[in-house]
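Reading through the structure tokens given below for one structure.
Readers should treat all values here as calculations from the given coordinates under stated rules, not as data from a laboratory. Just so it is clear, the structure is predicted and the values come from calculations on it, not from any experiment. Glycine also receives a Cβ, built like all others from the backbone with ideal geometry; neighbour counts cover every protein chain displayed.
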Amino acid sequence: MNFPGSPQRHATVDSPNLLDRALDGADAVINTAGPFATTAGPVIEAALRAGIAYVDVAAEIDAIVVKVRDGQVANRPFYAAMGVTLDGDKDVLGFWAGTGGEGAKFS
């Protein structure tokens with residue numbers, strides 16, 4: 001990803017030292033590297049060590065599919081945005097329904 005005017009720092013999840021250096025002085029980390037199951041843990045740990053916010057796109061997590069009656073019954077994906085503070089407090093930021101076809105493996 002390229003966001004003009006936004007600093008980008010790259011590091012491998014195999015090296016806690018490189019992750020710590022990459023996050024030094026940052027306000028937050030946005031993890032866009034996958035697979036999520038491999039990258040999330042090390043990057044979250046580095047964010048906690050740095051005392052900064054962590055955001056993950058987690059695009060490979062499939063939607064929860066629910067039967068919705070909106071004129072007719074259909075399978076619709078539902079998404080939840082959740083957050084966790086540095087103190088470990090959890091909160092649901094929002095829910096929304098997709099129109100169908102979304103998700104890594106949704107069919």
Between R9 and T99, the FRET efficiency computed from the C-beta separation at R0 = 25 Å comes out, to the nearest 0.05, as 0.10
Output ordering of 40-47, 28-35 (per-residue mean of other Cβ within 10 Å, highest first) is 40-47, 28-35
Interchain or long-range residues, amide H under 5 Å from V57's placed H: N31
What's the percent breakdown of Cα-Cα distances in the stretch 1-57 across 10 Å bins, shortest bin first? 25, 61, 15
For L93, L23, order by how many other beta-carbon atoms lie within 10 Å, fewest first: L93, L23
Treat each spin label as a single point 7 Å out from the Cα along the C-beta direction, and report the D91 to A37 distance in nm. 3.1 nm
